[in-house]
Amino acid sequence: MNTPDLPSFWAVIPAAGIGSRMRADKPKQYLQLAGKSILEHTLNCFLDHPCLRGVVVSLAEDDPFWPNLSCARDPRIHIANGGAERADSVLNALLRLGELGASEQDWVLVHDAARPNLAQSDLDLLLAELADDAVGGLLAVPARDTLKRIGSDGRVRETIDRSVIWQAYTPQMFRLGALHRALAEALVSDVAVTDEASAIEWAGQSPRLVEGRADNLKVTRPEDLHYLERVWRGRS
Ligand SMILES: Nc1ccn([C@@H]2O[C@H](COP(=O)(O)OP(=O)(O)OP(=O)(O)O)[C@@H](O)[C@H]2O)c(=O)n1
Ligand SMILES: C[C@](O)(CO)[C@H](O)COP(=O)(O)O
């Protein structure tokens, strides 16, 4: 069943990172938040969406934590091998989508395993705004603080015009064929791509930004998880 105005899509969840900045005893996607792992919350953002065609999760080799999740045997979820960098994990997931019968023109939404607080309204907004877009795009938030460029001595060189600076979030939504080609070529050319939009930009296209909620944050450092724990406690 599809929602009339929203396009159907595949979700890709790169979940093969080690979470070094979190300094925890396990990869951060397996840390608990309000009674479930971060990864389960993230998957739940997508699993009940009426336009979802399937999910590919990229996992580290011999990941010992995944089999213990309640969703591990969900038939809508497929597994790909993680890679050395996030971009490699995403590329492997795109190849898996090809094996699953996805076509070049299918929409793919790539979303970090470490962003468990994606609002359904943001997901629907992204799908609605980009459904007819020729390139695709991503959720993003405008810079909110004064920004400084610093020198190697740690001293301020200049204050940057923040009106043109946005922070890239996920999901990032592109056509499978275009994203696959852009990512594969960027990796072969040794271009650093920290998100899907960077690869599309490198291929000469201009992704569209859709303003999302700032609380769709990536759990990167311990204080991010503490913040989300407070947010989720307030909801129960
Ligand atoms: N080789 C990698 C590296 C990262 N990721 C995933 O990409 C997302 C965003 O990456 P980041 O926050 O940098 O996660 P980590 O690499 O795990 O963190 P850190 O850089 O602190 O080690 C995470 O969901 C992470 O699991 C991945 O699938 N494969
Ligand atoms: C893709 C991303 O979430 C966009 O903000 C981010 O770049 C991934 O994490 P990293 O810290 O850059 O590896």
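Coordinate-derived values only; no laboratory data. In this text, all values refer to a predicted model and were calculated from it rather than measured experimentally. Positions of Cβ are backbone-derived with ideal geometry, glycine not excepted, and every protein chain shown enters the neighbour counts.
When a footprinting reagent is the concern and you count Cβ atoms within 10 Å, what order do I150, I18 take, fewest first? Could the numbers behind the result be given before it?
Numbers: I150 10, I18 13.
The order, fewest Cβ neighbours first, is I150, I18.
Placing unit charges on the Cβ atoms of the charged side chains and taking the dipole of the chain about its Cα centre, the candidate lying farthest along the positive direction among W66, I38, G177 is I38. Counting neighbouring Cβ atoms within 10 Å and putting the fewest first, the residues I79, I13, I160, I200 line up as I160, I79, I200, I13.
Mind checking region 22-129 for GluC sites (Glu not before Pro) that DSSP puts in a loop (not H, G, I, E or B) and that have at most 12 other Cβ atoms within 10 Å? Walk me through the numbers on the way to the answer.
Details: sites: E40, E61, E85, E99, E104, E129; in loops: E61, E85, E104.
Here the GluC sites (Glu not before Pro) that fit, given the DSSP loop and packing criteria, are E61, E104.
For W10, the residues whose amide H sits under 5 Å from its own are R53, W107, V108, L109, ignoring neighbours fewer than 5 places away on the same chain, with H placed 1.01 Å from N.
Computed log10 I(q)/I(0) for region 98-234 at 0.09, 0.13, 0.14 Å⁻¹: -0.34, -0.69, -0.79, from the Debye equation with unit scatterers placed on every C-alpha and solvent omitted. Applying the Karplus relation 6.51 cos²θ - 1.76 cosθ + 1.60 with θ = phi - 60° to region 15-31 yields 3J(HN,Hα) values of 9, 10, x, 9, x, 4, 6, 7, 6, 9, 8, 8, x, 4, 5, 9, 6 Hz, where x marks Gly and Pro.
Computed from phi, the 3J(HN,Hα) profile of region 200-207 under the Karplus parametrisation 6.51, -1.76, 1.60 (θ = phi - 60°) reads 5, 4, 4, 7, x, 9, 10, x Hz, with x in place of Gly and Pro.
Once you order the gyration tensor axes a ≥ b ≥ c over the Cα atoms, which shape class does region 8-81 get: rounded for a/c under 1.5, otherwise prolate or oblate by comparing a/b with b/c? Since a/c reaches 1.5 and a/b is larger than b/c, the shape of region 8-81 is classed as prolate. Measuring between their Cα centroids, region 41-72 and region 109-158 lie 23 Å from each other. In sequence order, region 216-230 has phi-based couplings of 7, 7, 8, 6, 10, 10, x, 5, 5, 5, 4, 4, 5, 4, 5 Hz under the Karplus curve 6.51 cos²θ - 1.76 cosθ + 1.60, θ = phi - 60°, and Gly or Pro positions carry x. Fully extending the segment from V231 to A203, taken as 0.36 nm per residue of separation minus the present Cα-Cα distance, adds 6.2 nm.
Sum up the charges of everything whose Cβ sits under 13 Å from the Cβ of W107, counting Lys and Arg as +1 and Asp and Glu as -1, but leave W107 out. Provide the component values of the computation, followed by the final result.
Working: positive: R53, R175; negative: E104, D106, E129, D132, D133, E196.
After counting each charged neighbour, the total is -4.
Select from region 39-112 those trypsin sites (Lys or Arg not before Pro) which occupy a DSSP coil region and have at most 16 other Cβ atoms within 10 Å, ordered by residue number. Intermediate values should be presented prior to the final figure.
Numbers: sites: R53, R73, R76, R86, R96; in loops: R73, R76.
Here the trypsin sites (Lys or Arg not before Pro) that fit, given the DSSP loop and packing criteria, are R73, R76.
List the trypsin sites (Lys or Arg not before Pro) in region 127-236 that DSSP assigns to loop (not H, G, I, E or B) and whose Cβ has at most 10 other Cβ atoms within 10 Å. Which are they? Before the final figure, lay out each step's value.
Details: sites: R144, K148, R149, R155, R157, R162, R175, R181, R208, R213, K218, R230, R233, R235; in loops: R144, R155, R213, K218.
Qualifying residues, ordered by number: R144, R155.
Take the alpha carbon gyration tensor of the chain, find the square roots of its eigenvalues, order them as a ≥ b ≥ c, and report rounded if a/c is under 1.5; if not, report prolate when a/b exceeds b/c, else oblate. It is rounded, given that a/c, with a ≥ b ≥ c, falls under 1.5. For a label point 7 Å from the Cα of E85 along Cα→C-beta, name the residues of region 176-219 whose backbone N is under 15 Å from it. In region 176-219, the label zone of E85 (backbone N under 15 Å from the point 7 Å along Cα→Cβ) covers 182-203.
Check cross-link reach from K218 to the lysines: straight Cα distance under 18 Å, and skip same-chain residues fewer than eight apart. Result set, ordered by chain and number: K26, K28, K36.
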